[in-house]
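Asker: What follows is a single structure, and I will ask about it in a moment.
The values are calculated or read from the model by the stated rules, or taken from the named source; none is laboratory data. Note that this is a predicted model, so its numbers are computed, not measured. Cβ coordinates were reconstructed from backbone atoms using ideal geometry, including for glycine residues, and neighbour counts include every protein chain displayed.
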Amino acid sequence: MTDMNSPMKQQVRAIRAALVAAAFGCSAETAHAEPKKPEPPVHGDSAKARQQRAAPSPEVERYCADVSATAGAARNARMEKELMELEQLIVRRTAELEAKRAELQAAIDRREAMVKKADERLVAIYARMRPDAAAAQFADMDEEMAAAMLMRLEPKKSSAILNEMEAARAVALTKKVAGLSTLPQSGIKQ
C-alpha cells in the first residue's frame with residue numbers, strides 16, 4: 001500500500017516544498033529552517049562584506065532550483081489535465097451539435113421532398129378546380145401529398161378546400177402543413 005501512495009506522497013511533498021520556498025522567498029537554508037533574522041549593521045563594514053552576508057548560500061540556491069523544477073512540473077501537469085478536460089468537453093459538444101445538425105437536415109430534406117411532390121402543373125390544376133371537387137380529391141390523396149399541395153396553393157384556395165373536407169381529415173392536413181411551415185426555409189418557393 002505504501003508503493004501505491006508513494007507517487008502521491010511525492011507530489012504532496014513537492015507542492016509543500018514549493019509553497020515553503022515561495023513563502024520564504026528562497027531565503028531560508030531549508031524548507032523547515034527558521035528564517036534568518038537580519039544581522040545588525042557593524043560599524044566599519046565594507047559594502048562588499050554586507051553583500052556577501054546578504055547573498056544566499058549555495059545550498060539555498062540548489063534547494064530553490066530543485067523546488068522550482070518540481071513546482072514547474074506540478075503546474076505543467078495541472079495545466080495539461082485542464083487542457084485534456086477542455087478537449088473532452090469540446091469533443092462532446094461538437095458531437096451534440098452534429099447530432100442536432102443532422103436532425104435539422106433530415107427535417108429539411110423531408111420538407112423539400114414533400115414540396116417537390118407538389119408539381120407546379122398539378123398545383124395549377126387543383127387551383128382551377130371548384131373547392132368541393134378538390135376536397136373530394138384531397139380526401140383520397142396521400143396525406144403528405146395533400147399537405148404539400150395545400151402549401152403550394154394560395155391561402156384563399158387552400159382554406160376553401162379545407163372548408164369542404166371532412167373535419168378530421170382537414171385537421172390532420174392542417175397539422176401537417178403547420179409542422180412543415182415551421183421548418184427553416186431552404187430557398188424553396190411556396
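Asker: On the basis of being under 14 Å from Val177 (Cβ atoms), part of a helix (DSSP H, G or I), free of Cβ contacts under 8 Å to residues at least 60 places away in the same chain and not small (Gly, Ala, Ser), does Leu150 make the cut?
Answerer: Spelling it out, Leu150 is indeed under 14 Å from Val177 (Cβ atoms), part of a helix (DSSP H, G or I), free of Cβ contacts under 8 Å to residues at least 60 places away in the same chain and not small (Gly, Ala, Ser).
Asker: What pairs come up if the first residue lies in region 96-109 and is among the β-branched types (Val, Ile, Thr), the second is surrounded by 11 or more Cβ atoms within 10 Å (Cβ to Cβ), and their beta carbons are under 7 Å apart, counting only those six or more places apart or on different chains?
Answerer: Listed by first residue and then by second, the contacts come to Ile108/Leu183; Ile108/Ser186.
Asker: Condition test on Glu112, is it in contact (Cβ under 8 Å) with a residue 40 or more places away in the chain and not basic (Lys, Arg)?
Answerer: yes
Asker: Quick one: which residue in Met129, Met141, Met84, Met79 is farther than 20 Å from Gly179 by Cα, without any contact (Cβ under 8 Å) to a residue 12 or more places away in the chain and in the same structural domain as Thr174 (by TED's automatic domain parsing)?
Answerer: Values: Met141 fails: farther than 20 Å from Gly179 by Cα; Met84 fails: in the same structural domain as Thr174 (by TED's automatic domain parsing); Met79 fails: in the same structural domain as Thr174 (by TED's automatic domain parsing).
So the residue among Met129, Met141, Met84, Met79 that is farther than 20 Å from Gly179 by Cα, without any contact (Cβ under 8 Å) to a residue 12 or more places away in the chain and in the same structural domain as Thr174 (by TED's automatic domain parsing) is Met129.
Asker: Can you give me the number of residues within region 103-139 that are small (Gly, Ala, Ser) and outside any helix (DSSP H, G or I)?
Answerer: Total satisfying the criteria: 1.
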